[in-house]
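Written out below as structure tokens is the structure these notes cover.
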Amino acid sequence: MTSSDGVDDEKRATLRRFAAVGAASPLAGLSETASAETGDNDARDAITGYLSTTPGAHFSKIRDDLQLGTGETQHHLRHLTDAGTIERYRDGDYKRFVLANRFDEFEKHALGYLRRETPRGMLVELLSDPDATGGDLADALAVSAPTVSKYAGELEEAGLLSREGGYTVERPTTVLLLVVRHADSFGERAMRLARNADQHLAYDYAGDAREF
């Protein structure tokens, strides 16, 4: 259904839901700098709210989840980037976005891989069971051993995984906290880990601990 001002009602509801999150954040007040075009305030607050819950999302996911057009998404992301509200970074073929000044380079790399199904599954499984082998990961994720080996190499190159004497997550508490904070956006496997996060935070992670 489309309302009298030409905005689809489902799209409006989606934008308002995320705009409410954005308006409640320390970055509220975007409407003061947004243009007077109908929907700009809602769209920009929605993007800000969306990225507060789904950091590291790439362009197409933001566009599709918020039901925006391609040009519309480009316009608002450019505005928010120029205003210093969000940051854009390159992750292979993807352009990913986070709220500005929230994440260091390691965390942005981690978010990029946590947004990919198989690497995310590997990291989550290793956080749940640090002794898991490549075979254990393949069985848990229902993928082949070569697939696990391929992504393990990528994770190691990105500085997220060590393959010396098995598989070990680098800065595991940092990665765990990213998963816990944003578990809803990472799926059921991550949500199960988050529900038992206190057990994993009790591990001795060699000084990697951070506060929530």
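The values are calculated or read from the model by the stated rules, or taken from the named source; none is laboratory data. As the structure is a computational prediction, the values presented were derived from the model and not from experiment. As a convention, Cβ positions derive from the backbone with ideal geometry for all residues, glycine included, and neighbour counts pool all protein chains shown. Keep in mind that these areas ignore ligands, DNA and RNA; they rest on the heavy atoms of the full protein, side chains included. Shrake-Rupley method; radii C 1.70, N 1.55, O 1.52, S 1.80 Å.
In segment 131-153, which residues are open to solvent by 60 Å² or more (accessible area, probe 1.4 Å) and under 18 Å from Ala110 (Cα atoms)?
Scanning segment 131-153 gives a single hit, Lys150.
Quick check on my filter: what residues within segment 79-119 are farther than 27 Å from Val143 by Cα and of a type in the set (Val, Ile, Thr)?
Matches in segment 79-119: Thr81, Thr85, Ile86, Val98.
Do we have Ala100 as farther than 30 Å from Gly153 by Cβ, modelled with pLDDT under 90 and open to solvent by 10 Å² or more (accessible area, probe 1.4 Å) here?
Working: farther than 30 Å from Gly153 by Cβ: yes; modelled with pLDDT under 90: no; open to solvent by 10 Å² or more (accessible area, probe 1.4 Å): yes.
Spelling it out, it is not the case that Ala100 is farther than 30 Å from Gly153 by Cβ, modelled with pLDDT under 90 and open to solvent by 10 Å² or more (accessible area, probe 1.4 Å).
Tell me, which residue of segment 76-94 that is open to solvent by less than 90 Å² (accessible area, probe 1.4 Å) and in a strand (DSSP E or B) is nearest to Ala158 (Cα to Cα)? Outline the logic, then answer.
So in segment 76-94, the residues open to solvent by less than 90 Å² (accessible area, probe 1.4 Å) come out as 76-77, 79-81, 83-87, 89, 91-92.
From what's left, in a strand (DSSP E or B): 86-87, 89, 91.
Working: Ile86: 23, Glu87: 20, Tyr89: 15, Asp91: 10 Å.
Residue satisfying both the conditions and the ranking: Asp91.
Cβ-Cβ under 6 Å, sequence separation 6+ or interchain: first residue in segment 112-134 and outside any helix (DSSP H, G or I), partner open to solvent by 30 Å² or more (accessible area, probe 1.4 Å). Which pairs?
Qualifying pairs under 6 Å: Ala132/Glu125.
For Phe59, which of the numbered conditions (1) farther than 25 Å from Leu178 by Cβ; (2) modelled with pLDDT of 65 or more; (3) in contact with a Lys or Arg (Cβ under 6 Å, 6 or more places away or on another chain); (4) open to solvent by less than 50 Å² (accessible area, probe 1.4 Å) fails to hold?
Every condition holds for Phe59 apart from (1).
Going by the structure shown, is Glu164 modelled with pLDDT of 95 or more and either assigned by the TED database to the domain that holds Arg120 or surrounded by 13 or more Cβ atoms within 10 Å (Cβ to Cβ) (or both)?
Working: modelled with pLDDT of 95 or more: no; either assigned by the TED database to the domain that holds Arg120 or surrounded by 13 or more Cβ atoms within 10 Å (Cβ to Cβ) (or both): yes.
In short, no.
Could you grab the pairs with beta carbons closer than 7 Å, sequence gap of 6+ or different chains, first residue in segment 69-82 and without any contact (Cβ under 8 Å) to a residue 24 or more places away in the chain, second one among the aromatic types (Phe, Trp, Tyr) and open to solvent by 50 Å² or more (accessible area, probe 1.4 Å)?
Hits for this filter: zero, empty list.
Considering (1) in contact with a Ser or Thr (Cβ under 8 Å, 6 or more places away or on another chain); (2) open to solvent by less than 10 Å² (accessible area, probe 1.4 Å); (3) among the hydroxyl-bearing types (Ser, Thr, Tyr), say which one Thr73 fails and leave the rest.
Thr73 satisfies every listed condition except (1).
Which condition breaks for Thr73 when tested against (1) over 26 Å from Leu177 (Cα atoms); (2) part of a strand (DSSP E or B); (3) hydroxyl-bearing (Ser, Thr, Tyr)?
All conditions are met except number (2).
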